[in-house]
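Engineer: Can you keep this structure in mind? I'll have questions shortly.
Every read-out reported here was derived from the displayed coordinates using simple, explicitly stated rules and does not represent laboratory data. Every value quoted in this text rests on a predicted model; they were computed, and no experiment measured them. Here the Cβ positions follow ideal geometry from the backbone for every residue, glycine too, while neighbour counts run over all protein chains shown.
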Amino acid sequence: MTLARKTAHELRELYRAGSATPDQTVAELKSRIAAKDGRLNCYVGFDAAGSGVRRNVPQDRPLWGVPVAIKDNICVEGQEATCASKILKGYVAPYNATATERLLEAGAILLGRANMDEFAFGSSCESSCYGPTRNPWDAERVPGGSSGGSAASVAADLAIASLGSDTGGSIRQPASFCGVVGLKPTYGRVSRYGLIAFASSLDQIGPFTKDVRDCALLTSVLAGYDPKDSTSADVPVPDYLSEIGKSVKGLRVGLPEEYFGKGIQPEVEAAVRSAIEKLRALGVEVRPVSLPHTKYAVSVYYLVAPSECSSNLARFDGVRFGRRSEGARNLLEMYERSRGEGFGAEARRRIVLGTFALSSGYYDAYYLRAMRVRTLIRRDFEEAFKEVDALVTPTSPSAAFKIGEKSADPIQMYLSDIYTISANLAGVPALSMPCGLAQGLPVGLQLIAKPFDEQALFRLGSALERELAFPRSAAREAA
């Protein structure tokens with residue numbers, strides 16, 4: 001029995017029927033990880049026992065016995081959390097993130113720590129101090145970033161599901177490149193407590209899964225108010241699973257003209273438009289819309305996010321936790337050497353950019369102006385959602401690119417997230433799901449909904465998924 005290839009809901013049925021056990025699933029995953037992960041490099045640590053298991057959880061819990069990988073910037077008590085950076089090597093989390101705690105309470109098995117771009121700075125999972133993760137569909141290509149290890153582990157059946165974080169597309173873009181489902185929830189829907197911060201006004205934790213039903217299942221576990229997080233929204237959590245299989249006839253979706261212009265690969269656009277026609281055939285009304293300030297999104301993001309990261313990463317100074325440089329002659333030299341040796345090139349680039357944007361004499365010209373344009377981007381979405389129930393776009397302008405192809409050109413790398421950034425700036429929920437292939441590689445379709453309307457994403461996504469019959473087996477064979 002190929003338990004590693006099952007979805008979470010399929011495993012739960014097998015467990016209830018007595019046809020399989022969690023120990024069997026973990027054993028099979030361990031065997032696959034031993035055989036495959038030396039090449040793919042999805043994991044930076046493995047722990048399917050001890051701190052990764054909550055004992056005596058009732059078997060009726062929604063994720064009982066389901067092994068889940070955790071991105072290396074989400075705290076698990078007793079496990080190292082390094083954000084794939086040398087500067088946090090040796091830091092062991094003294095507490096659980098709220099997302100981690102909710103998984104454990106739901107009966108999940110925390111399988112291991114997933115590789116990522118250093119501090120979530122990247123779109124390719126190449127900046128990790130542990131080395132790059134490779135795409136299971138083609139090991140010469142990137143899995144996307146920053147949550148590349150989380151996405152690749154699910155695509156290669158080295159985990160049943162996983163958690164990632166999304167600041168500008170770091171769940172949805174790797175989900176697109178690896179042919180899995182990934183959700184960035186509404187800002188405030190899932191607690192950020194225990195997520196090592198990149199950009200606090202943008203970050204959200206979300207799931208990677210093998211299908212839309214599992215995505216709804218994990219989101220129902222993760223979502224909800226948390227008093228430990230000051231940005232957590234006290235908004236009721238609906239029954240997401242009830243949306244799976246519902247008719248989508250009569251729903252209205254918008255196609256933003258700004259997402260189908262110059263720069264998109266023709267094969268990617270063709271796959272997305274073909275999927276849109278399937279929605280139309282299901283009775284969904286498709287109409288054009290405009291998000292006119294989209295053209296400013298990348299510029300706004302690369303002022304807001306680095307500014308917040310420079311502030312958040314100031315705490316990593318070699319004094320309280322993590323790496324401390326040896327042999328420094330004074331305090332200033334210890335700071336300089338610890339940070340210079342501990343942070344990689346992309347982290348240093350973003351810290352410098354953000355510090356400049358926040359500095360005296362430049363704050364108003366850069367950061368404050370960017371925040372004003374961010375408001376205009378959010379208003380674009382508000383206007384669009386007066387006309388439609390959801391938006392449909394490509395997730396990425398291209399399929400997965402080759403390792404090393406863009407690492408020497410930061411601007412080209414940053415443009416990889418051009419279709420995902422706006423949802424973070426606006427705080428709206430967005431889901432990526434596979435919709436076809438471009439030259440044998442997965443293409444992601446992005447669904448975007450109004451704030452706290454994740455149920456619209458699950459309803460549309462599950463209906464489309466039934467029509468597409470995406471060939472996930474190709475990733476298994478390639479891996």
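Engineer: Return yes when GLY245 is without any contact (Cβ under 8 Å) to a residue 40 or more places away in the chain and either in a loop (DSSP other than H, G, I, E, B) or touching a strand residue (DSSP E or B) at 6+ places or on another chain (Cβ under 7 Å) (or both) and no when it is not.
Structural biologist: In short, no.
Engineer: When you go through (1) outside any loop (DSSP other than H, G, I, E, B); (2) in contact with a Lys or Arg (Cβ under 6 Å, 6 or more places away or on another chain); (3) not acidic (Asp, Glu) one by one for VAL253, which number turns out not to apply?
Structural biologist: Tallying (1) outside any loop (DSSP other than H, G, I, E, B); (2) in contact with a Lys or Arg (Cβ under 6 Å, 6 or more places away or on another chain); (3) not acidic (Asp, Glu), VAL253 fails exactly one: (2).
Engineer: Quick test of your reading of the structure: ALA199 fulfils all but one of (1) part of a loop (DSSP other than H, G, I, E, B); (2) within 21 Å of ARG113 (Cβ to Cβ); (3) among the aliphatic types (A, V, I, L, M). Name the failing condition by number.
Structural biologist: The failed condition is (2).
Engineer: Looking only at the range 355-367, count how many residues are surrounded by 13 or more Cβ atoms within 10 Å (Cβ to Cβ) and of a type outside the set (Ser, Thr, Tyr).
Structural biologist: Residues flagged as surrounded by 13 or more Cβ atoms within 10 Å (Cβ to Cβ) and of a type outside the set (Ser, Thr, Tyr) within the range 355-367 amount to 3.
Engineer: Filter the helices (runs of 4 or more DSSP H) completely within the range 8-110 down to those with at least 2 residues that are surrounded by fewer than 20 Cβ atoms within 10 Å (Cβ to Cβ) and of a type in the set (D, E, K, R).
Structural biologist: Hits in the range 8-110: 8-17, 22-40.
Engineer: Could you pull out every one of the helices (runs of 4 or more DSSP H) wholly within the range 284-403 that has 2 or more residues that are among the β-branched types (Val, Ile, Thr) and either in contact with a Gly (Cβ under 9 Å, 6 or more places away or on another chain) or over 22 Å from GLY444 (Cα atoms) (or both)?
Structural biologist: 297-312, 345-358, 369-384
Engineer: From the residues in the range 354-393 that are touching a strand residue (DSSP E or B) at 6+ places or on another chain (Cβ under 7 Å) and not polar (S, T, N, Q), which one is farthest from LEU279 (Cα to Cα)?
Structural biologist: ALA384
Engineer: Quick check on this structure: which one of TYR419, TYR414 is within 20 Å of the chain's Cα centre (by Cα) and part of a loop (DSSP other than H, G, I, E, B)?
Structural biologist: Exactly one of TYR419, TYR414 is within 20 Å of the chain's Cα centre (by Cα) and part of a loop (DSSP other than H, G, I, E, B), namely TYR419.
Engineer: When you go through ALA271, ALA223 one by one, which is the residue that is crowded, with 19+ Cβ neighbours inside 10 Å and either under 21 Å from PRO397 (Cα atoms) or of a type in the set (S, T, N, Q) (or both)?
Structural biologist: ALA271
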